[in-house]
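Inspection log for the structure reproduced underneath, given as structure tokens.
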């Protein structure tokens with residue numbers, strides 16, 4: 001059997017990879033992809049803890065299902081914002097969107 | 001930990017997940033990045049099956065790979081951003097590399113190894129042989145004592161996201 | 001691991017498909033003659049001529065259709081576990097799902113009135 005900490009290890013590594021993508025990329029769509037990776041890391045953690053700690057209560061799986069809903073809503077609205085920015089400023093590089101930074 | 005087929009499959013899916021993640025954040029062409037993201041999400045689906053959550057694995061393939069990844073690819077095509085291939089990282093990329101690595105070390109040494117790591121009391125924890133089916137998940141969603149209200153609020157969130165996306169993305173003319 | 005054993009055929013199928021694709025690609029790369037010409041490397045060989053590069057900007061209609069698809073996709077995913085337990089819980093579950101769908105119908109009618117469902 002694979003012990004619990006190995007799942008947590010993989011999830012932590014995936015979270016940090018996603019965080020690096022969010023911190024370092026310039027393209028807004030790439031930043032959104034990094035956020036998706038971080039959400040997936042959280043999902044691995046939720047399901048792993050559910051499996052090893054409280055398999056009788058379904059809260060871990062239910063939380064993971066709601067993370068799916070939030071991820072879908074976030075992707076839909078976030079990408080719509082990116083498309084709107086592209087239409088107005090002809091760029092999806094986040095450094096170019098600095099109207100509020102004087 | 002003994003090396004049986006279970007741990008080998010775990011190793012394969014972990015490598016798929018992390019390799020896809022690395023490809024996502026490092027690829028120049030955003031279409032390639034989206035394909036790497038699909039690979040990574042598929043690895044996560046495999047981990048869900050190893051954790052006895054087959055319904056979540058199915059949702060992962062249906063919703064994440066079948067819908068969210070496609071949405072991201074559409075957004076890449078709509079913004080024509082893959083033609084700008086110079087300078088994919090911003091000025092602070094080296095600092096963010098250090099911060100991400102430090103975060104990983106912190107999570108590992110500060111939380112995972114001392115509390116759930118090998119040698120601690122939690123390391124002997126075994127996953128139960130209990131199989132949670134889709135029936136249990138359905139009962140959790142619609143049973144009055146469990147998750148009814150979040151279930152309805154999820155629908156409200158989806159409606160808000162739909163209206164928001166239409167308002168923001170629609171052409172004026 | 002009961003779930004793990006159940007998914008063994010899918011794992012076998014996965015391994016088989018990867019091995020097959022790799023094998024066929026490697027064999028054709030090793031033994032097939034490779035003499036490219038302009039006509040052979042065209043995107044649709046002996047088909048229609050491409051009218052422009054594939055990287056041009058797509059109209060935003062595609063995105064709106066994709067957004068509507070993803071949100072109703074999630075809705076159906078939530079209906080599946082409900083449908084499995086519907087007989088156990090009866091009227092209460094039915095009322096719940098009616099509320100769930102009624103809230104989503106508001107968004108659906110909004111999309112309809114705003115013309116997001118029409119192509120032109």
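Points worth noting:
- Single match in B:70, B:59 (criterion: surrounded by fewer than 21 Cβ atoms within 10 Å (Cβ to Cβ), under 25 Å from residue C:78 (Cβ atoms), touching a helix residue (DSSP H, G or I) at 6+ places or on another chain (Cβ under 9 Å) and at the interface with another protein chain (Cβ under 7 Å from one of its Cβ atoms)): B:70
- Among the candidates A:32, A:39, A:46, residue that is facing another protein chain (nearest Cβ under 8 Å) and not in a loop (DSSP other than H, G, I, E, B): A:32
- Here A:67, A:77, A:57, A:62 are screened, and the one residue that is in contact (Cβ under 8 Å) with a residue 24 or more places away in the chain and either closer than 19 Å to residue B:71 by Cβ or over 14 Å from the mean Cα position of the chain (by Cα) (or both) is A:67.
- Identity of the residue in segment C:77-107, at the interface with chain B (Cβ under 9 Å from one of its Cβ atoms) and out of contact with any helix residue (DSSP H, G or I) (no Cβ under 8 Å at 6 or more places or on another chain), that ends up nearest to residue B:71 (Cα to Cα): C:105
- Inter-residue pairs, beta-carbon under 9 Å, first surrounded by 10 or more Cβ atoms within 10 Å (Cβ to Cβ) and in segment C:26-43, second part of a loop (DSSP other than H, G, I, E, B), 6+ apart: C:42/C:49; C:42/C:50
- Out of A:10, A:77, A:67, one residue alone is within 16 Å of residue B:104 (Cα to Cα) and in a helix (DSSP H, G or I). It is A:10.
Values in this text are rule-based calculations from the coordinates and carry no lab data. Keep in mind that this is a model prediction, so the values were computed, not measured. Heads up, the Cβs are rebuilt from the backbone with ideal geometry, glycines too, and the neighbour counts pull from every protein chain shown.
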